[in-house]
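Comments concern the structure below.
Here, each number is a calculation from the coordinates, and none is a lab measurement. Bear in mind the structure is a predicted one, so any value in this text is a computation, not a measurement. Cβ atoms come from the backbone with ideal geometry, glycine included; neighbour counts cover every protein chain shown.
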Amino acid sequence: MDKVIVLVALEKELPQMVLPNFHIEYTGVGKVNAAFKTSELIHQFSPKTIINYGTAGSLRRDLKGLVEVSSFFQRDMDVSALGLEVGKTPFDEISEISFGREGFSCGSGDSFVTELPQLDTDLVDMEAYAIAKVCFYKNVDFLCFKYISDNADENASESWGKNISHGQDLFRTKILELSST
């Protein structure tokens, strides 16, 4: 896949050796780190497409394995005291980002979710919205795949720790499939 960068928060989620022929970069955890790294890489490499892979908590019991995410929200933006819905940034026309694909919704925030958040989405993570927003503004195509590592509940941290690297083979299969088309 020419001019494609794969962005992952942590090397433990997807070590370079899993996809040695792909350009993989690590953002670090959280929206600020993800936005900064995405901006830096777009400036440096001018990619055609950025693919985000990582772990996510599912807010739906029926979601398992590797899923494609197509709608991105900022889960921890809460200015409800100003009369706005959770997830809506004041004075920002963009509250949901989508790149026109079919998939699930993800709410990104700078907290590890262990109970049902106020924003209603299918998944929760800590980076996808930030990466999607930078790609949207910079006119870079964006794909996102998340491995369901936990159920975003009281057992989430233990489940995430056990499952952080379990989606590597599923993602490798998906990315190799995409690169052959």
ask   = PHE45 to LEU10: extension gain in nm, 0.36 nm per residue of separation minus the Cα-Cα distance?
value = 10.6 nm
query = Near the amide H of MET77, under 5 Å away, which other amide H atoms are found, from residues 5 or more places off or on another chain, if H is placed in the peptide plane?
reply = GLY87
note = Packing-ranked peptide list from 11-21, 129-139, 31-41, 84-94, highest mean Cβ count within 10 angstrom first, is 129-139, 31-41, 11-21, 84-94
ask   = For ILE164, ILE5, what ranking results if the residue with the fewest other Cβ atoms within 10 Å of its Cβ goes first?
value = ILE164, ILE5
Semi-axis lengths, Å, the chain, gyration tensor of Cα atoms, sqrt of 5 times eigenvalues = 24, 20, 14
task = List the residues whose amide H sits under 5 Å from the amide H of THR55, counting only those 5 or more places along or on another chain, with H placed 1.01 Å from N in the peptide plane.
result = TYR147
message = Over the chain, how many pairs of lysines fall under 18 Å by alpha carbon, counting only those 8 or more apart in sequence or from different chains?
response = 23
Rough spin-label spacing in nm, given labels placed 7 Å along Cα→Cβ, for GLU85 and SER180 = 4.1 nm
Distance between the range 122-181 and the range 81-118 - C-alpha centres, whole angstrom = 16 Å
query = Okay, helix-only estimate at 222 nm for the chain: each DSSP H run of n ≥ 4 adds -39500 (n - 2.57), divide by all residues, round to 500 deg cm²/dmol; what do you get?
reply = -8000 deg cm²/dmol
inquiry  = Quick check: pseudo-label points 7 Å beyond the Cα along Cα→Cβ at MET17 and GLU68, how many nm apart are they?
reply    = 3.1 nm
ask   = Using a ≥ b ≥ c from the Cα gyration tensor of the range 74-181 (square roots of the eigenvalues), is it rounded, prolate or oblate, where a/c under 1.5 gives rounded and otherwise the larger of a/b and b/c decides, a/b for prolate?
value = oblate
request  = With θ set to phi - 60°, apply the Karplus curve 6.51 cos²θ - 1.76 cosθ + 1.60 along the range 68-78 and write out the HN-Hα couplings as whole Hz, x wherever there is a Gly or Pro.
outcome  = 8, 9, 10, 10, 10, 10, 9, 5, 9, 7, 10
remark   = THR173 and GLU158 label points (each 7 Å along its Cα→Cβ direction) are spaced in nm at 2.9 nm
task = Pop out the ³J(HN,Hα) list for the range 163-180 in order, Karplus 6.51 cos²θ - 1.76 cosθ + 1.60 with θ = phi - 60°, rounded to Hz; leave Gly and Pro as x.
result = 10, 3, 9, 6, x, 4, 5, 5, 5, 4, 4, 5, 5, 5, 5, 5, 6, 8
